[in-house]
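The structure appears right after this line, and notes come after that.
The values are calculated or read from the model by the stated rules, or taken from the named source; none is laboratory data. A quick note: this is a predicted structure, and the numbers were derived from the prediction, not measured. Using ideal geometry, Cβ is built from the backbone for each residue, glycine included, and neighbour counts are taken over all protein chains shown. For the accessible areas, the whole protein counts, side chains as well, though only heavy atoms, and no ligand, DNA or RNA atoms are used. Shrake-Rupley method; radii C 1.70, N 1.55, O 1.52, S 1.80 Å.
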Amino acid sequence: MSTYDVAVIGSGPGGYVAAIRCAQLGMKTAIIEKYSTLGGTCLNVGCIPSKALLDSSHHYEDAVKHFEAHGIEVPGEVKVNLEKMIARKQSVVDQTTGGIDFLMKKNKIDVYQGLGSFKDATHITINGEETTEIEAKNTIIATGSKPSTLPFITIDKERIITSTEALKLKEIPKHLIVIGGGVIGLELGQVYKRLGAEVSVVEFMDRIIPTMDASLSKELNKVLKKQKFKINASHKVKSVERVGDEVIVKADNKKGEEVEFRGDYCLVSVGRRPYTDGLNAEAAGVKLTDRGQIEVNDHLQTNVPNIYAIGDVVRGAMLAHKAEEEGVMVAELLAGQKPHIDYNLIPGVVYTWPEVAAVGKTEEELKEAGTKYKVGQFPMRALGRARASTDIDGFVKILADADTDEVLGVHMVGARVADLISEAVTAMEFRASAEDIARMSHAHPTYAEAVKEAALAATEDRPLHI
Ligand SMILES: Cc1cc2nc3c(=O)[nH]c(=O)nc-3n(C[C@H](O)[C@H](O)[C@H](O)COP(=O)(O)OP(=O)(O)OC[C@H]3O[C@@H](n4cnc5c(N)ncnc54)[C@H](O)[C@@H]3O)c2cc1C
C-alpha cells in the first residue's frame, strides 16, 4: 500500500492547487478524482466553459448589433453554428484540464482516478477501474459542490436543466426561463439571450445579484432590461412542470397573485450544495454541519485533527479563487507556516456584459455596522476609453472610512471590471486610503481611470473629468 504525507480528495481549483502547494513544500502527495478529467466543476462545467460561451456569444452579438456602427459591413447574414460554438468551448475545457495533468506530473503528484472513500482517518479506498487503498498522514477534502434545486422541481436534464446541461444545449431556446437571478443564471441567461432566445429571470429576492451592493444590482438590472431581459424579482416559484416540449413555471408575485411563465427550457440556478456523496466521512469521524458542509475551524481543520477541508464543501463563498486560497493555506499550515486568508478581500465577479465586480464591504453592510463612510462614484460614460469602445454603462464606486479615508469597499459595473477589481484588492490588502489610489498614475485612456476618478471623488469630492 502506498503511503503519503497528504492525500487530496477532489481535483477542482481547491484540490489541485492544494496538491501543487503541498508538493512544492516537499510533501509526498496524492490526488484522487472520481471523474476522468481533472479540474473539478470550475474547469469542466463551471468557470471556464461558461466564459468560453460568454466570449463566443459576445462576438456574435457584436457582429449582429455593433459592427455596423464601427463601419464594418458583413455581406450576408451572420449566423450561429451552435454545435461548433459548443465544440470550441469543449476544446478550451480539454486544453485547460490537460494543463492540470501536466502540472500534476511536473510536481510529481500521484493521480488516482476513482471515488475516494474514507476507510478510517488515515486510510482511503479508491474505487476506480480497480479498487486501491492508500494511507495518508493528512487528508484534504476538496469534494466541491453540485447544483441544488427546489424540493418540488424534477431536473430532467433535457428541458428542466442545471448549468451543466446549459453548457451543452443542442439548440438555442426560444424562451429560456431562468429560476434564480444570481451569477450563474445571469451569465448563462446572457449567453442564450445574445444568441436570440427570449430570457425571463424569476428571482425570489427583491433584486438580482442580491448579495452584492444594491447599486450594482440596480445598474445591472437597468442594463439587462435594455438588452430586453425580462426580470421578475420578488417572485416565489411554486411549481415547474414539463408538458411535452414546454415547461410551465408558476410563481406568486409580490402581491401574492399567481403568474405563469411558459418556455421551451427552464434553467434552475438557485445555488449549489456541498458534495460529500460516497466520501464516507463518518468512517473517519468527520462531522458535517446541518447544511451538509464539512465543519471546519479557522484553520480549515475538521474535528479530526489530520483531516482538513476546503472550497465549496466548506462555509463561505462558492468561488474558485476562494477554494485556491484555502488550498494554499492548508498546505502551508501542514508545512508549519502561519498563513492567513482575509475573506473580506475575496473579490466577487459576474461575467455578464457589462461585468460586475466587488470587494470589501457593501454600503448596506457599512450602514448595518454603523460605520461612518464616504462615497466616491464615477460613471464609465465620462471616460474617453469607454466612449472609444462604446462600453459606456456602469460606474466605479469607492466606499472609504469617513475619518481615516481607508478604502472599505469597491463596487464596479462596466467593461473589463473583472480585471479592474484586482487594483482594488491590492489597494485594500495594503490598507490604502482613497487618496493613495487617487495619487497613483493610471494609464490613459483606460477603464482603470474610473478607479482613480472614483478615488478622487471619495477623497475630497474632487474628480477631474466630471
Ligand atoms: C456554471 C458555473 C460557473 C462558475 N463560474 C465561476 C467563476 O467565473 N468564477 C469563480 O470563482 N467560480 C465560478 N464558479 C464556481 C466554481 O466552479 C467553484 O467555486 C469551484 O469549482 C469550487 O472548487 P472546489 O475545488 O471546491 O470544488 P469542485 O470544483 O467542485 O471540485 C470538486 C471535485 O471533487 C471531485 N470529487 C467529489 N467527491 C469525490 C470523491 N469522493 N472522490 C473523488 N473525487 C471526488 C468532483 O468530481 C470534482 O471534480 C462557477 C460554477 C458554475 C457551476
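Only residues that are more than 19 Å from GLY40 (Cβ to Cβ) and open to solvent by 60 Å² or more (accessible area, probe 1.4 Å): list them for the range 115-137, please. Walk me through it before giving the result.
We begin by selecting, within the range 115-137, every residue more than 19 Å from GLY40 (Cβ to Cβ); these are 118-123, 125, 129-137.
The answer is LYS119, GLU129, GLU130, THR131, GLU135, LYS137.
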| Residues of the range 14-49 classified as in a loop (DSSP other than H, G, I, E, B) and farther than 15 Å from LYS322 by Cβ, total | 10
| message | Of everything in the range 427-466, what is open to solvent by 80 Å² or more (accessible area, probe 1.4 Å) and under 29 Å from the mean Cα position of the chain (by Cα)? Give them in sequence order. | response | GLU429, PHE430, ARG431
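Take ALA400 and decide whether it is part of a helix (DSSP H, G or I) and either of a type in the set (Phe, Trp, Tyr) or over 16 Å from the mean Cα position of the chain (by Cα) (or both).
no
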| task | Check GLU326 against each of (1) surrounded by fewer than 19 Cβ atoms within 10 Å (Cβ to Cβ); (2) out of contact with any strand residue (DSSP E or B) (no Cβ under 8 Å at 6 or more places or on another chain); (3) not hydrophobic (A, V, I, L, M, F, W, C) and name the one condition it does not meet. | result | (1)
| query | Considering the range 227-259 alone, what residues qualify as being open to solvent by 50 Å² or more (accessible area, probe 1.4 Å), farther than 24 Å from LEU195 by Cα and in a strand (DSSP E or B)? | reply | LYS236, LYS238, GLU241, VAL243, LYS250, GLU258
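Kindly provide the set of residues from the range 18-52 that are hydroxyl-bearing (Ser, Thr, Tyr) and more than 7 Å from the ligand (Cβ to nearest atom), ordered by number.
THR29, SER36, THR37
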| note | Considering residues that are more than 22 Å from the chain's Cα centre (by Cα), within 11 Å of the ligand (Cβ to nearest atom) and of a type in the set (S, T, N, Q), the number found within the range 1-17 is 0
| Could you list, in sequence order, the residues of the range 272-306 that are within 13 Å of the ligand (Cβ to nearest atom), among the hydrophobic types (A, V, I, L, M, F, W, C) and in contact (Cβ under 8 Å) with a residue 60 or more places away in the chain? | LEU279, ALA281, ALA283, ALA284, VAL286, ILE294
| task | Give the residue, chosen from LYS322, LYS250, that is out of contact with any helix residue (DSSP H, G or I) (no Cβ under 7 Å at 6 or more places or on another chain) and within 12 Å of the ligand (Cβ to nearest atom). | result | LYS322
| query | Name the residues in the range 1-22 that are over 24 Å from ALA317 (Cα atoms) and open to solvent by 20 Å² or more (accessible area, probe 1.4 Å), would you? | reply | MET1, SER2, THR3, ASP5
| Single unsatisfied condition, GLY292 versus (1) on the phi < 0 side of the Ramachandran plot; (2) within 22 Å of the chain's Cα centre (by Cα) | (1)
